[in-house]
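Novice: Below is the structure I would like to discuss, written out as structure tokens.
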Amino acid sequence: MKSKIKSIIAKQPWLLAVLTLLLVGIWMGSGFLNREADQSTESGETLGVSEGDVRVQVAARQAQTIQSYITVYGNSDPARTVEMSTEAEGRIEEIFARRGDLSLIHI
């Protein structure tokens, strides 16, 4: 049975797309069936409390900025190292970089 379904989908892949679209459409359309029940609770009506209902407390809150810090200890190693050599004769007079920066050499 499983191999038969796989072979049908392999021959006609659009069939799976149509089936998925149909299922999603039915699922989204089912939300309209309970629309009247949802609107009565949104209008602010008090619903009756029956046995077994759970009581909750609600408090109003304001948005606040939260600052979080992460402290990490360890060493960072380069992903690769590069050997530099000259193609022309000369002497390096000055290096305009520090360790870890991109090398800028003046010849």
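The values are calculated or read from the model by the stated rules, or taken from the named source; none is laboratory data. None of these values were measured; they are calculated from a predicted model. Here the Cβ positions follow ideal geometry from the backbone for every residue, glycine too, while neighbour counts run over all protein chains shown.
Novice: For the range 95-105, state whether one or more residues are exposed (fewer than 10 other Cβ atoms within 10 Å of the Cβ), part of a loop (DSSP other than H, G, I, E, B), at pLDDT below 85 and in contact with a Phe, Trp or Tyr (Cβ under 6 Å, 6 or more places away or on another chain).
Specialist: Yes; the residues of the range 95-105 include at least one that is exposed (fewer than 10 other Cβ atoms within 10 Å of the Cβ), part of a loop (DSSP other than H, G, I, E, B), at pLDDT below 85 and in contact with a Phe, Trp or Tyr (Cβ under 6 Å, 6 or more places away or on another chain).
Novice: How many residues does the range 22-34 hold that are assigned to a helix (DSSP H, G or I) and exposed (fewer than 10 other Cβ atoms within 10 Å of the Cβ)?
Specialist: Total meeting the criteria: 7.
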